[in-house]
1. Scan the range 351-362 and report the pairs whose first residue is touching a residue at least 12 places away in the same chain (Cβ under 8 Å) and whose second residue is surrounded by 16 or more Cβ atoms within 10 Å (Cβ to Cβ) and charged (D, E, K, R), with Cβ atoms within less than 6 Å and a gap of 6+ or a chain change.
2. Acidic (Asp, Glu) and over 26 Å from Glu590 (Cα atoms), is that true of Glu538?
3. Test Glu239 against the stated conditions and say whether it is among the charged types (D, E, K, R), under 30 Å from Val381 (Cβ atoms) and touching a Lys or Arg at 6+ places or on another chain (Cβ under 7 Å).
4. Could you run through the range 53-76 and say how many residues are surrounded by fewer than 18 Cβ atoms within 10 Å (Cβ to Cβ) and within 17 Å of Ala36 (Cβ to Cβ)?
5. Could you check how many residues of the range 456-490 are within 17 Å of Val526 (Cβ to Cβ) and β-branched (Val, Ile, Thr)?
6. Does Val281 meet the test of being within 30 Å of Pro382 (Cβ to Cβ), touching a residue at least 40 places away in the same chain (Cβ under 8 Å) and either more than 19 Å from the chain's Cα centre (by Cα) or crowded, with 22+ Cβ neighbours inside 10 Å (or both)?
7. Assuming Trp412 fulfils every condition listed in (1) over 20 Å from the mean Cα position of the chain (by Cα); (2) within 26 Å of Asp581 (Cβ to Cβ); (3) surrounded by 19 or more Cβ atoms within 10 Å (Cβ to Cβ); (4) not basic (Lys, Arg) apart from one, which condition is it?
8. Buried (at least 20 other Cβ atoms within 10 Å of the Cβ), assigned to a strand (DSSP E or B) and touching a residue at least 40 places away in the same chain (Cβ under 8 Å): which single residue out of Phe97, Phe119 fits that description?
Amino acid sequence: MQLAVQHDTRRPVRYAIEQYYAIRKTRGAAFSPDAADIAFISNTTGTGEVWRVPATGGWPHQVTISGRNVHQVSWSPIGDTLVFTADHDGDENFELFKVPKSGGLPAALGEAPGAQAHFGDWSPDGRQVVYASNKRNPAFFDLYILDVETGHERILWQDDHVNMALTWSPDGQHVLAQRFEQNANQDFFLVDAHTGAARHLTPHEGLVRHFGGVWEPGGRAFLYLTDSGRNYMGLARMEIATGTWEYVEEPPADVVEVAQSRDGRWRALTVNWGGNFVPQVVGLHSGERLVLGEFSLGVTSELAFSLAGDRLAFYHESARTCRDLWVVDLPPAGAAAGGHRGCRQVTFSNVGGIPADDLVMPQSLGYRSFDGLEIPCFLFVPHGGRPDGTLPAVVWPHGGPDYQVTNNFYHWFHVFTGAGYVVLAPNFRGSTGYGKAYQSLNQKDWGGASFRDLIAGADYLVESGWADPRKLAVVGGSFGGFMALTAATREADRWAAVVELFGPSNLFTFIENTPAWWKPYLYEMVGHPERDREQLAERSPVNFLDRVKAPLLVIQGAHDPRVTKTESDQVVERLRALGRDVEYLVFEDEGHGFSRTANEIRAARSVVTFLDRHLS
């Protein structure tokens with residue numbers, strides 16, 4: 001990591017906030033059986049809906065007009081039916097729907113109001129889907145098999161844990177499932193698709209991650225991601241009959257994602273090199289490695305092969321290029337090696353009228369924390385900014401905390417730099433992407449060493465000349481909102497303004513009100529209300545609001561199921577009683593984050609106006 005920061009001499013251009021959010025958000029990639037079309041999700045209409053586009057490029061067609069926020073989409077392997085999940089106003093009670101590729105009114109499947117449904121996979125014959133739901137008990141997720149045509153369903157695996165369906169075996173005999181214990185600990189189970197009998201594939205001790213799950217042809221083995229015996233996630237292969245496994249790829253960095261064509265000819269994966277998710281595509285028969293050099297910087301994700309294995313779709317984005325769908329045509333079976341047959345962009349989301357050169361490219365840096373540990377971060381400097389100690393700055397603690405700020409497209413960062421603010425986005429200890437030893441450093445230490453990493457970042461901004469010490473703000477959401485409140489109470493003299501979005505303020509009520517299936521995870525990550533009572537009280541910002549000096553803006557979604565509105569209410573009510581400067585913005589049709597573009601624009605405008613008023 002470099003410590004010397006470059007700067008440019010161009011004059012900044014301040015665009016309207018609406019222009020940044022006219023840059024659309026796209027995700028999801030599902031090929032039609034003949035690979036002629038791809039279904040995807042876009043917020044072009046203001047909320048996430050299903051669209052489809054020709055795989056060769058062309059005009060997209062809107063498939064759903066649901067008014068809901070679509071979460072997942074998948075295309076039947078034999079026909080024109082799409083299955084998707086969507087919630088209502090951000091409540092995260094995802095429901096399962098089907099819709100023809102031509103569009104129309106979606107039909108609900110497996111209805112269970114107030115519960116969550118997570119799509120897993122289609123059966124190989126295209127008649128059934130397997131999904132996970134907590135409709136039996138809010139604390140647990142069972143697996144269900146549903147006939148898409150008739151709507152008939154049966155419970156496949158009833159189990160008092162949090163289980164998710166991953167993939168159906170090629171012969172239709174088994175479903176690969178994942179048991180979630182916490183973000184650093186998961187297991188695989190093989191479930192008989194007829195009897196529901198489950199076999200534990202990955203027994204282990206301690207914290208071991210098991211992700212993914214891609215079947216090889218014939219279903220005798222599957223590929224997956226794990227950090228068993230390693231600090232980083234590698235690519236492994238397991239034989240089903242014996243349960244024996246071995247590593248296939250072991251880079252000194254996390255393998256983030258893997259996909260393999262059903263005919264076994266091609267494998268694609270991405271590796272996290274310092275916040276850049278770099279793709280690799282390998283011909284398993286020929287040994288050919290396709291060079292996709294144009295995607296070496298930024299984040300490549302959601303790898304998806306067509307059924308015939310002749311096309312690969314993926315998303316790519318970087319700090320200056322928004323997330324869009326790309327397709328690579330692969331050599332057909334029997335063709336001589338010689339590279340891919342074309343790589344083309346098929347969605348075009350940047351319609352905001354902002355040239356890429358006017359967006360800020362971050363610099364990857366490292367600074368030393370209180371104990372000498374190097375904290376990786378991204379620094380965004382507005383065009384024309386110089387390290388002369390005069391610039392206003394935003395310190396951005398990310399959410400999670402099992403998360404990583406990467407080299408992808410952040411609307412918020414461009415809004416801030418466009419308004420003239422320096423942004424420091426640190427990946428403090430507890431962040432993903434730097435090995436499980438680094439990730440574990442925040443466990444049961446919320447508001448501890450990771451908070452001191454955040455403060456060291458603020459010190460770095462001032463000492464390096466990138467920030468005026470009188471013009472510092474901290475802005476964060478979710479866990480980052482908790483960090484912002486912690487900063488406001490424990491470093492009260494440091495900040496000119498604080499913005500907190502849907503963050504926990506009282507760790508007791510946060511744990512009490514969280515969804516039932518999350519509670520065991522929070523007991524491990526945050527603490528137990530009885531066993532860890534003293535520390536939870538000491539780390540709850542709500543207990544120290546009398547120390548707050550900076551003006552505070554609080555933003556909250558009324559339907560937030562993870563960090564309920566009571567967390568923000570406590571902060572605002574207490575600060576108002578103390579006569580402190582606090583503003584409160586509640587979105588009645590949002591949950592944890594933003595599902596509607598209009599709301600995100602309103603929130604961004606409120607935040608920038610608030611910062612301009614207090615940091616100018």
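1. Short answer, once both residue conditions are applied: Ala356/Arg320; Leu359/Arg320; Met361/Arg320.
2. Values: acidic (Asp, Glu): yes; over 26 Å from Glu590 (Cα atoms): yes.
Criteria met by Glu538.
3. Details: among the charged types (D, E, K, R): yes; under 30 Å from Val381 (Cβ atoms): no; touching a Lys or Arg at 6+ places or on another chain (Cβ under 7 Å): yes.
Criteria not met by Glu239.
4. Our first condition is that a residue be surrounded by fewer than 18 Cβ atoms within 10 Å (Cβ to Cβ); within the range 53-76, this holds for 54, 56-59, 61-62, 65, 67.
From what is left, the residues that are within 17 Å of Ala36 (Cβ to Cβ) are 54, 56-59, 61.
Summing the residues that are surrounded by fewer than 18 Cβ atoms within 10 Å (Cβ to Cβ) and within 17 Å of Ala36 (Cβ to Cβ) in the range 53-76 gives 6.
5. Summing the residues that are within 17 Å of Val526 (Cβ to Cβ) and β-branched (Val, Ile, Thr) in the range 456-490 gives 1.
6. On the way: within 30 Å of Pro382 (Cβ to Cβ): no; touching a residue at least 40 places away in the same chain (Cβ under 8 Å): yes; either more than 19 Å from the chain's Cα centre (by Cα) or crowded, with 22+ Cβ neighbours inside 10 Å (or both): yes.
For Val281, the condition - within 30 Å of Pro382 (Cβ to Cβ), touching a residue at least 40 places away in the same chain (Cβ under 8 Å) and either more than 19 Å from the chain's Cα centre (by Cα) or crowded, with 22+ Cβ neighbours inside 10 Å (or both) - is not met.
7. If we test Trp412 against (1) over 20 Å from the mean Cα position of the chain (by Cα); (2) within 26 Å of Asp581 (Cβ to Cβ); (3) surrounded by 19 or more Cβ atoms within 10 Å (Cβ to Cβ); (4) not basic (Lys, Arg), just (1) comes out false.
8. Working: Phe97 fails: touching a residue at least 40 places away in the same chain (Cβ under 8 Å).
Result: Phe119 is the single residue among Phe97, Phe119 that is buried (at least 20 other Cβ atoms within 10 Å of the Cβ), assigned to a strand (DSSP E or B) and touching a residue at least 40 places away in the same chain (Cβ under 8 Å).
The values are calculated or read from the model by the stated rules, or taken from the named source; none is laboratory data. Worth saying up front: this structure is predicted, and the values here are computed from it rather than measured. Note: ideal-geometry Cβ built from the backbone for every residue, glycine included; neighbour counts use all protein chains shown.
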